[in-house]
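Below you'll find the structure, written out as structure tokens, and then a few comments.
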Amino acid sequence: MNLFTLTDHDSIEGAEQLRQHPDFFVSEELTCKMPSGTEVHIGVYDITDRQHLQLQQRRNDLVSLLMYLTERRLFFSINHVFSSVTGRREREDFAWFQEYFPAVETRNSHMLESANQRAAQLAKQWDKIAIGGSDAHALPSAGTAYTEVPGARDKEEFFAGLRAGMGRVAGESGSFSKLTRDVFWIAYEMMREKSWTTLLSPLATLIPVITYWNYHDERVFGRRWAAEILGAPETRKRTRWISLPQSAAEGSV
């Protein structure tokens, strides 16, 4: 059975046109503030409208968010862990990822192959569930990376299989040509929908420069954190789903 979902940033409005399909479920990608002050993207899957509202209220309080996610048994992941897309990272962020996140995005079709490989190595080292997704912002990239659970016949079996370690990721990684194509696609669609934006068309010549610099920055960021994190000794073997230590909860009051 094939299932699909849409993970807009801090929104489920895009799901309105898709709810009628029996093989669709609602998800979102939270922009969350870490205790260190950095930002991360957290994928949360198969949620209700009410849960979306609760998640948005908690996304700037990591302890409250984690308690809500584990209490409701919602499946969630830390996304593009070796990417600079959300800005800077701190060493303590990885301690939170290791201790409290059950899943790691290991195949993102817009992240470099090196970033995906490092994320996969991290998931294996930390004994995390690996997931994949296209992270598509343009139609040509939709569905180009995904997560499989062999034998799953419905949504419940799919998530049960993921939690049991039966999932596997597949699909493409990102590249300069792919990202450049998608940015041109977005620019074209924007000009087609809003004719006044054609005045900005000369700026399109800068798109390849911007996408090239983006991946240059991604490589530097990924090498830096892979060298620091992947060489660190393993401290735990099993994913925690429910409890938070009292000290962490008290420190965030």
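The values are calculated or read from the model by the stated rules, or taken from the named source; none is laboratory data. Quantities reported herein were computed from a predicted structural model and do not represent experimental measurements. Cβ atoms come from the backbone with ideal geometry, glycine included; neighbour counts cover every protein chain shown. These area figures cover heavy atoms from the full protein model, side chains too; ligands, DNA and RNA do not enter into them. Shrake-Rupley method; radii C 1.70, N 1.55, O 1.52, S 1.80 Å.
Considering the range 177-188 alone, what residues qualify as being open to solvent by 90 Å² or more (accessible area, probe 1.4 Å) and modelled with pLDDT of 85 or more?
Initially, the range 177-188 is screened for residues open to solvent by 90 Å² or more (accessible area, probe 1.4 Å), giving 181, 185, 188.
Passing the criteria: 181, 185.
How many of the residues in the range 134-166 are part of a loop (DSSP other than H, G, I, E, B), open to solvent by 30 Å² or more (accessible area, probe 1.4 Å) and more than 19 Å from residue 21 (Cα to Cα)?
If we filter the range 134-166 for residues that are part of a loop (DSSP other than H, G, I, E, B), which is where we start, we get 134-138, 142-144, 149-154, 164-166.
When the remaining residues are screened for being open to solvent by 30 Å² or more (accessible area, probe 1.4 Å), the result is 135-137, 142-143, 150-151, 153-154, 164-166.
So of that shortlist, the ones also more than 19 Å from residue 21 (Cα to Cα) come out as 135-137, 150-151, 164-166.
The total comes to 8.
Please work out if residue 53 is out of contact with any helix residue (DSSP H, G or I) (no Cβ under 6 Å at 6 or more places or on another chain), of a type in the set (A, V, I, L, M), at pLDDT 95 or above and open to solvent by 30 Å² or more (accessible area, probe 1.4 Å).
Details: out of contact with any helix residue (DSSP H, G or I) (no Cβ under 6 Å at 6 or more places or on another chain): yes; of a type in the set (A, V, I, L, M): yes; at pLDDT 95 or above: yes; open to solvent by 30 Å² or more (accessible area, probe 1.4 Å): yes.
Taking the combined requirement at face value, the residue satisfies it.
Identify the single condition in (1) under 28 Å from residue 116 (Cα atoms); (2) modelled with pLDDT under 85; (3) open to solvent by 70 Å² or more (accessible area, probe 1.4 Å) that residue 239 does not satisfy, given that it satisfies every other one.
(3)
Each row is one residue, and each column tells you yes or no for (1) of a type in the set (Gly, Ala, Ser); (2) within 18 Å of residue 44 (Cβ to Cβ); (3) open to solvent by less than 10 Å² (accessible area, probe 1.4 Å); (4) modelled with pLDDT under 95.
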position: 76; (1), (2), (3), (4): no, yes, yes, no
position: 82; (1), (2), (3), (4): no, no, yes, no
position: 85; (1), (2), (3), (4): no, yes, no, yes
position: 91; (1), (2), (3), (4): no, no, no, no
position: 97; (1), (2), (3), (4): no, yes, yes, no
position: 103; (1), (2), (3), (4): yes, yes, yes, no
position: 111; (1), (2), (3), (4): no, no, no, yes
